[in-house]
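The values are calculated or read from the model by the stated rules, or taken from the named source; none is laboratory data. From a predicted model like this one, the values you see are computed outputs, not experimental measurements. Note that each Cβ is placed from the backbone with ideal geometry, even for glycine, and that neighbours are counted across all protein chains shown. Keep in mind that these areas ignore ligands, DNA and RNA; they rest on the heavy atoms of the full protein, side chains included. Shrake-Rupley method; radii C 1.70, N 1.55, O 1.52, S 1.80 Å.
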Number of protein chains: 2
Amino acid sequence: VLRFHADRVESFQDTLVAEIPFTVQLNGEELVTILCTPEHLLELAVGYLYSEGFIGNKEDILDLGLDRAGPSALVTTRLSVNARDLYEKRKRLITPGCIDAAGIQAPGPDARPLGAEQASLTVRAADIRKALREVNGFAELYRRTGGVHNAALCAGPAVLFFSEDIGRHNALDKVVGRSLLAGIPLDDKTVITSGRISSPVVMKMTRAGAPVLVSRSAPTSEAVRLAEAFGLTLIGFARGSRFNVYSNGWRVERT
Amino acid sequence: VLRFHADRVESFQDTLVAEIPFTVQLNGEELVTILCTPEHLLELAVGYLYSEGFIGNKEDILDLGLDRAGPSALVTTRLSVNARDLYEKRKRLITPGCIDAAGIQAPGPDARPLGAEQASLTVRAADIRKALREVNGFAELYRRTGGVHNAALCAGPAVLFFSEDIGRHNALDKVVGRSLLAGIPLDDKTVITSGRISSPVVMKMTRAGAPVLVSRSAPTSEAVRLAEAFGLTLIGFARGSRFNVYSNGWRVERT
């Protein structure tokens, strides 16, 4: 790589983020190929299946394996009536151009507001700041390449899982997948992400049951509207010790 | 919005980036719905159709209209044999989960290396820096919300068109669409974007014929490999007067 400075050019060796096609085989059929960063692939497969409505819980997974050669995930599931219906519907769907981060809408699973479990849960501002510092520490470690998003699963101030991916949706799916695989309920957890918050991200998080979503970037207007309606506490522009609370601010204790 | 500082909480009015579903109707049928920022919608529709292989040039568009109510674009095209084939193939395609920036691969149009037109074209480092400064100036103007990507079409040091969108692919499609609609060939132009460069972005740009792609973010390993093979000069981490040249560096004149 040639680095051009204002007054000189130097040559150096750069580290690039890997990008691989990863295929999810569902019950013997190729379901989808995802461009992603080759880490936490099982978490990605499981999180993807959950986020898209193909499974509703860990018990729906009858068998799960990873073929490193593909790489691909081989998943056998208990197909509920809903999932089967979804699967058929999608086969008939026209959704061209879903290449890597285009803003294409496909009929996903039904949106799901948060329930009674999260109705009284609060989170301390000090804990959010502490978790953010820890996540930034992890991100520093990984910041060789600059080209990735990350997402973290946090219990109060503690970071339980940290993922990164070239796709912001993938990074979040890895968190959802880890929570399912490890049996860690999201009901009382905080999810921190580096990515922008659009309405599909809010749908993904409320579906998974996470009551607090923190981003270092901005939310869209539609994301804030949905988060308000669905009971999610949406926090954006979390940088240093500052952050903005866009919805359900009652959940954030000021101490 | 509540802004939490280290030592106090203030309430303020924030400006959020708009996010709308925009439908492209192709020859009377609904082709796709794209989540996007409601600016330059005609450019987005045309750029999308080109990038996805439904049109090959401006002449393929027989009629083009915008229904502001939807909003949707109503496009009538001359369907070449290839486009018809593509259209049919996609109808039979399973591509679930293409919601907003997931890294899903769908069979797009054939990748297309740059041709003879761009084989001897060079660009001056000083012009790249000048164009970057101008693009940053535009971005400042628009930086009320923080939640958008942008892309610009540049002739040497001059910025001819500036677009922004919540999706990095959308911002680039708007540039491609503008170039087609305004009859500005991309063969000798530089495209500047804020977004990360993955392999589909490289495919989109070489297909459109742009020989130089500059990003303020990082490229992936696969993007660099493709750019090298397809003749594209790929520049990343363009910040201030520094930038890194990842492929086909012969095209960058050091003055």
Q | Residue list for the stretch B:19-30, restricted to those being within 7 Å of another protein chain (Cβ to nearest Cβ) and either open to solvent by less than 40 Å² (accessible area, probe 1.4 Å) or more than 20 Å from A:Ser198 (Cα to Cα) (or both) | A | B:Glu19
Q.
Criterion first (modelled with pLDDT of 95 or more, surrounded by fewer than 17 Cβ atoms within 10 Å (Cβ to Cβ) and over 24 Å from A:Ile55 (Cβ atoms)) does A:Ala131 satisfy it?
A. no
Q) Which residues, counting only those in the stretch B:216-237, are surrounded by fewer than 24 Cβ atoms within 10 Å (Cβ to Cβ) and under 12 Å from B:Ile192 (Cα atoms)? A) B:Arg216, B:Ser217, B:Phe237
(Q) For B:Ser11, only one of the following conditions fails: (1) surrounded by 17 or more Cβ atoms within 10 Å (Cβ to Cβ); (2) at pLDDT 90 or above. What is its number? (A) (1)
Q: Among the residues of the stretch B:143-175, count how many are modelled with pLDDT of 95 or more, β-branched (Val, Ile, Thr) and open to solvent by less than 10 Å² (accessible area, probe 1.4 Å).
A: 1
Q | Positions within the stretch A:12-32 being assigned to a loop (DSSP other than H, G, I, E, B) and over 21 Å from B:Ala223 (Cβ atoms), in sequence order | A | A:Asn27, A:Gly28
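Condition check ((1) at pLDDT below 95; (2) assigned to a loop (DSSP other than H, G, I, E, B); (3) open to solvent by less than 10 Å² (accessible area, probe 1.4 Å)) across all residues:
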{"position": "A:Glu39", "(1), (2), (3)": "yes, yes, no"}
{"position": "A:Glu43", "(1), (2), (3)": "no, no, no"}
{"position": "A:Gly56", "(1), (2), (3)": "yes, yes, no"}
{"position": "A:Ala69", "(1), (2), (3)": "yes, yes, no"}
{"position": "A:Lys89", "(1), (2), (3)": "yes, no, no"}
{"position": "A:Thr95", "(1), (2), (3)": "yes, yes, yes"}
Q.
I'm told B:Thr206 meets every condition in (1) open to solvent by 10 Å² or more (accessible area, probe 1.4 Å); (2) over 21 Å from B:Thr37 (Cβ atoms); (3) in contact (Cβ under 8 Å) with a residue 40 or more places away in the chain; (4) of a type in the set (S, T, N, Q) except one. Can you identify the failing condition by its number?
A. (1)
Q: Answer yes if at least one residue in the stretch B:182-200 is more than 14 Å from every other protein chain (Cβ to nearest Cβ), small (Gly, Ala, Ser), open to solvent by 10 Å² or more (accessible area, probe 1.4 Å) and closer than 27 Å to B:Thr33 by Cα, and no otherwise.
A: yes
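Could you tell me which of the residues B:Arg239, B:Arg196 is touching a Ser or Thr at 6+ places or on another chain (Cβ under 6 Å) and modelled with pLDDT under 95? Don't jump to the end; show me each part of the working.
Working: B:Arg239 fails: touching a Ser or Thr at 6+ places or on another chain (Cβ under 6 Å).
So the residue among B:Arg239, B:Arg196 that is touching a Ser or Thr at 6+ places or on another chain (Cβ under 6 Å) and modelled with pLDDT under 95 is B:Arg196.
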Q: Kindly provide the set of residues from the stretch B:222-233 that are facing another protein chain (nearest Cβ under 10 Å) and in contact with a strand residue (DSSP E or B) (Cβ under 7 Å, 6 or more places away or on another chain), ordered by number.
A: B:Ala223, B:Val224
